[in-house]
Amino acid sequence: MPRLSYRRALTRALADEMTRDESVVVLGEDIRVAAANVTTGLLKKFGPERVRDTPLSEQAFTSFATGAALAGARPVVEFQIPSLLFLVFEQIVNHAHKFPLMTGGQCAVPVTYLVPGSGSRTGWAGQHSDHPYALFAHVGVTTVVPATPADAYGLLVSAIRCDDPVVVFAPAGALDLREDVPEPALVPLGRGVVRRAGDDVTVVAVGHLVHDALAVAEELSGQASVEVFDPRTLYPFDWDGLLGSVARTGRLVVVDDGNRSCGIAGEIIATVLERVRLAAPPRRVTRPDGAVLPFAPALDRAVQPGREQLTAAIQLTLKDG
């Protein structure tokens, strides 16, 4: 049973799809030398026509990808830093995302935007440590955040095959994870998964925080039965899967490494409360409002949601009601 790291899962997904479909091309800054350790070996295997280094202009090459997709290609655009998505929000949302909708489906824009290393990288400071996935979910762009190597492979493959734009956030906190993956397989977009079954409280965890939630659930196993739900896709969200879990447990805690205001955690709680009567008030564990991560490692970690905060939130939810 082969061991597969999260990074190599992304590499394998790219290589498999480029082998399967000659219209798949990869572009970005320094991808030929695999600066992010994700495009390793692709240049040698597929050549410079399909593995393209770009100038230092995210707006230019993101627009180029839109045009290439309209002309029949399936571009995968790698962004070295998550904050660069702020620069290209216009190109992704106002152009790639809206063209098919505003033309009544007369065109398709199958672009995948891959962010290997989203979130904190331990001391990369304020302009390199964002998790802006809530912005893309808000405007209706398909948004995925894989937590495991198997899902990194399966969701990236699904993203590349999708005829609409998809943003794939690969959390920095998950990139070095390894797991046994007998045979990497497609993972459908828009479908969550229960990572651990439980009866007393549902914990929704996004991205790398799934592993923290599983660790906390194990630590609390003598006190409570904690169910861990991994949405995998933030838009479209698997509401049926989550509501089935919460309707059974009656309690909800969400842990999300995004800023608190207008974040995905608040959206999850609001939607659940509209449809399910809970036995206790829900709680969320997030970064603070308007958080900008500091350079100092200790302060960097202090701003991010952690296991102690999640444990406290679960205990308070179990105590209430």
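Starting with the highest mean, order 146-152, 310-316, 256-262 by the number of other Cβ atoms within 10 Å, averaged over the residues of each peptide.
Order by mean packing, descending: 146-152, 256-262, 310-316.
Between 0 and 90 degrees, rounded to the nearest ten: what's the tilt of helix 307-319 against the longest Cα principal axis of the chain?
40
In a Debye calculation with equal point scatterers on the alpha-carbon sites of the stretch 234-321 and no solvent, what is log10 I(q)/I(0) at q = 0.17, 0.23 Å⁻¹?
Cα-only, vacuum Debye calculation for the stretch 234-321: -0.75, -1.16.
Largest first, what is the accessible-area ranking of Tyr235, Tyr133 with a 1.4 Å probe?
Tyr235, Tyr133
Mind jotting down a quarter of the surface of the convex hull over the alpha carbons of the stretch 213-259, in square nanometres, one decimal?
4.0
To the nearest 20 debye, what is the magnitude of the charge dipole of the chain about its Cα centre, counting +1 on the Cβ of each Lys and Arg and -1 on the Cβ of each Asp and Glu?
Charge dipole, the chain, about its Cα centre: 140 debye, nearest 20.
Counting DSSP beta bridges in the chain, what percent are antiparallel, to the nearest 5?
In the chain, DSSP labels about 20 percent of beta bridges as antiparallel.
Bins of 10 Å, beginning at zero and ending with the bin holding the largest distance: percent of Cα pairs per bin for the stretch 44-117, please.
With a bin width of 10 Å, the distribution comes to 19, 51, 25, 5.
With every protein chain present, what is the per residue accessible area of the stretch 149-291 (1.4 Å probe, Å²)?
38
What percent do you get for the relative contact order of the stretch 131-285 when only Cα pairs under 8 Å and 6+ apart count?
Computed over the stretch 131-285, the figure is 25 percent.
Could you please put Lys44, Lys319 in sequence from largest to smallest accessible area, using a 1.4 Å probe?
Putting Lys44, Lys319 in descending order of accessible area: Lys44, Lys319.
Placing unit charges on C-beta atoms (Lys and Arg positive, Asp and Glu negative, everything else neutral), compute the dipole magnitude of the stretch 48-107 about its Cα centre in debye, rounded to 20.
Value, rounded to 20: 200 debye.
Among bridges DSSP assigns within the stretch 177-307, what percent are antiparallel (round to 5)?
20
Per residue of the stretch 264-273, what does 6.51 cos²θ - 1.76 cosθ + 1.60 with θ = phi - 60° give for ³J(HN,Hα)? Whole Hz please, x for Gly and Pro, Karplus curve as stated.
5, 5, x, 5, 4, 5, 4, 5, 5, 5
Given a 10 angstrom Cα cut-off, can you work out which residue in Arg287, Arg50, Arg277 is the most mobile in a GNM of the chain?
Arg277
For the chain, how big is the tail of P(r) above 26 Å, as a whole percent of Cα pairs?
Taking all Cα-Cα pairs of the chain, the fraction more than 26 Å apart is 45 percent.
I'd like the distance separating the alpha-carbon centroids of the stretch 1-46 and the stretch 266-280, in whole Å.
One Cα centre to the other: 40 Å.
Hey, what angle do you get for helix 149-161 against the long axis of the chain, alpha-carbon based, 0 to 90 degrees rounded to 10?
50
For the stretch 140-207 and the stretch 292-311, write down the distance between their C-alpha centroids in whole Å.
One Cα centre to the other: 23 Å.
Using only the Cα atoms of the stretch 167-320, what are the Rg and Dmax in Å?
15.2, 44
Carbon and sulfur together cover what percent of the accessible area of the chain at a 1.4 Å probe radius?
Percent of accessible area from carbon and sulfur atoms in the chain: 52.
Rank Arg275, Arg248, Arg121 by mean-square fluctuation in a GNM of the chain with C-alpha springs under 10 angstrom and give only the top-ranked residue.
Arg275
Can you list the HN-Hα couplings for the stretch 61-73, worked out from phi with the Karplus curve (6.51, -1.76, 1.60; θ = phi - 60°), rounded to whole Hz and with x for Gly and Pro?
Rounded to whole hertz, the list is 6, 6, 5, 4, 5, 4, x, 5, 5, 4, 8, x, 8.
The values are calculated or read from the model by the stated rules, or taken from the named source; none is laboratory data. From a predicted model like this one, the values you see are computed outputs, not experimental measurements. Here Cβ is always computed from backbone atoms with ideal geometry, including for glycine, and neighbour counts include all displayed protein chains. The area values use the complete protein model at the heavy-atom level, side chains included, leaving out ligands, DNA and RNA. Shrake-Rupley method; radii C 1.70, N 1.55, O 1.52, S 1.80 Å.
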